[in-house]
1. Figure the gain on full extension for TYR173 and THR195 (residue separation times 0.36 nm, minus the Cα-Cα span) and round it to one decimal in nm.
2. Pairs LYS371/LYS557; LYS209/LYS279; LYS288/LYS371: which exceed 21 Å Cα-Cα?
3. Let's test the formula: R0 of 51 Å, r as the Cβ-Cβ distance of GLU72 and SER277. What FRET efficiency results, to the nearest 0.05?
4. Contact order normalised by length for the chain, with contacts defined as Cα pairs under 8 Å and 6 or more residues apart; what percent is it?
5. Considering only the stretch 170-309, what is the antiparallel percent among its DSSP beta bridges, to the nearest 5?
6. Would you mind giving the average projected area, over all directions, of the Cα convex hull of the stretch 212-296 in nm² with one decimal?
7. Convex hull volume of the Cα atoms in the stretch 280-401, per residue, in Å³?
8. For helix 2-17, report the angle its Cα long axis makes with the longest principal axis of the Cα atoms of the chain; keep it between 0 and 90° and round to the nearest 10°.
Amino acid sequence: MFRRLFIFILCLAALSGAGRVLALSPRVEADGGDLLINNILVCRFRVPEGGVAPAMRARMAAMRIMELSGPELTPDSVSCVRLSDDLWRITVRGSAVISAQTEDALQLSSTAEGLAGVWVNNIRAALQAVPIYLDASSFTLPLGEQRSWLLHGSYTMEPSLAMDDPEVASVRYDPVTRSIAAYGKSLGVTRVTITAGDFTFEFVIRVKKPAAVIPDSCTFSVTGNPCPASVIRAGLRGAVCGNIKAEPGASTVVEGIDWTDVSLASGAGSTASVRVSCKGNDYLTVSKVVCVRIQNCSEKREKPARIFYSNHPETMKSFQDLFTGTLEQGVCTRLLYHHLNATGRNANLRIELINAGDEPAVVRSTRTAIKPMVDTISVGLQAAKGFMGAEEKNISTYDVIPPRSVRYYLSDVMRPNDTSSGVMEFTQKDGAAGCVVRVSLVRSGSADPAVYSCARYSGTGSFDEDDYIFDEPVKEYNETYEVGKSWVFISVGKEHLTTEKGTKLYGNYGVTYRMNFTITNPTQDERKVRVGFDPSAGAAAAYFTVNGEGVTIHHIKPPAEFNIYTATLKPGETRRLTVETMPVSGSNYPAKVIVGPVSQ
């Protein structure tokens with residue numbers, strides 16, 4: 001209502017300057033017990049008068065005012081007279097048209113005199129309303145879409161429309177709905193003039209592209225036994241962003257997620273609502289609530305065939321790209337990163353997947369987030385522990401990366417001397433071009449991207465592959481230890497992975513060691529046995545799983561050893577153990593795993 005009044009004032013000023021007389025033939029209507037002049041509510045009858053119902057009072061008042069229309073019907077021709085304290089009459093051009101009773105006034109906690117004054121002022125203001133107007137003087141129209149706007153005023157003739165650039169939009173008047181319908185034909189601006197009799201109204205149409213096409217719904221697939229609620233909630237942002245077709249330069253903001261946090265067992269499903277908006281310069285901002293169907297699909301755990309190793313340089317003294325590698329379709333690829341911020345200022349470590357192709361890419365990912373910290377050994381331990389736990393439970397998400405787009409999987413703000421460390425896995429399931437994994441260090445600021453968000457990729461799509469890409473990052477051993485015979489020793493991190501060019505992965509950081517032990521006691525006595533960890537290369541941390549149970553070694557120095565597992569075997573007993581670990585970033589490797597007797 002305030003917006004309409006603002007437009008009235010502007011139009012009144014313009015028309016007054018032209019010397020025109022306003023409201024010669026006002027539009028007067030009754031709607032139930034409401035009396036409207038020029039589409040403005042001026043009186044509302046709530047009670048009968050002398051047996052006349054409120055709706056009939058409104059119709060009779062409308063008829064009387066219409067009978068009095070003409071050049072002499074001006075705001076000054078409206079007044080009120082007192083018949084008694086309980087009854088006042090409102091007159092137009094000296095003729096009674098409305099009665100204001102005490103019964104009417106009591107509905108508004110007023111008096112008959114007070115109500116009469118309000119109604120007089122309402123009628124005067126409505127008579128000054130411009131004969132023809134829209135709710136605004138400028139409208140934005142989406143390209144290829146239609147919009148309608150109500151045409152207000154007291155006009156009685158069917159309006160005609162003229163525009164200065166008919167290539168931008170088409171417009172027409174709908175007499176049934178008394179509205180202007182417009183269709184966006186091409187990008188640009190056009191001015192439209194509406195004419196009804198002696199009166200005109202001008203407005204501007206700007207045709208813009210929507211910043212993005214946002215789907216009504218999408219599907220978000222996950223795996224895990226179960227898949228934690230934290231992983232699902234974090235991935236919902238990417239599930240929506242990955243299905244949005246954004247224009248170049250447009251940005252997407254997830255404004256809220258409405259979802260009951262719950263872990264999902266394999267085969268289970270859930271539904272979330274994600275509020276998202278997209279905007280950009282010269283684009284039409286679009287917003288929508290997207291329905292996301294979450295499904296925990298029964299996909300098996302994948303064995304990595306390659307490992308990307310981002311650790312050169314380990315100590316970062318400048319902002320730079322640190323690693324680049326291309327995923328191969330259907331090949332599970334592990335990424336280990338471990339970097340220390342020595343720039344002397346806050347920095348942003350980013351891991352992004354770049355889809356430089358013209359088709360969407362689908363990537364299965366396992367991601368664990370460890371906050372950067374100064375203790376380089378501890379952060380490496382937490383990274384390995386988090387990843388191995390996720391891998392053991394087969395936790396992953398299926399992520400859509402739009403064409404020519406970047407999706408961020410890490411956006412760590414690192415303070416000076418912080419170390420960021422982590423392990424991830426990616427398997428590209430669909431998409432014509434192999435997605436590129438890029439690790440980089442940039443200045444930190446307000447533009448740091450959110451994890452799982454997407455942005456437009458404007459590069460050439462040409463990348464140089466890093467030297468630190470290795471095959472077969474899983475080593476499996478099958479060993480038997482018999483009480484009373486030779487101990488079993490397995491070196492963890494010694495037999496370095498090597499590329500065809502001779503580049504070595506010293507320490508085999510990020511490589512899985514799966515050790516299957518068969519331990520037997522052929523003696524006639526109970527014997528205690530152990531699986532131990534020997535940090536032979538220096539101070540180290542480690543994380544092991546023994547038949548799926550986690551064992552954490554926070555910090556150990558040689559010559560000390562740590563018993564990962566101990567047991568007492570009965571005579572003739574055989575036990576089978578599966579022990580898994582990976583060399584921990586920030587620690588000294590190689591180290592040894594030992595199977596033998598418990599020292600007395």
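1. Extra length available between TYR173 and THR195 comes to 6.8 nm.
2. LYS371/LYS557; LYS288/LYS371
3. Step by step, r from the Cβ atoms, then E = 0.45.
4. Contact order relative to length: 10 percent.
5. Working: 34 of 42 bridges.
Close to 80 percent.
6. Numbers: hull surface 19.9 nm².
Approximately 5.0 nm², given one-decimal rounding.
7. 184
8. Taking the Cα atoms of the chain, the angle to 2-17 is about 50 degrees.
A short reminder: the numbers here are calculations on the coordinates, not readings from a lab. The structure displayed is predicted, hence computed values, not measured ones. Neighbour counts run over all protein chains shown; Cβ positions are idealised from the backbone, glycine included.
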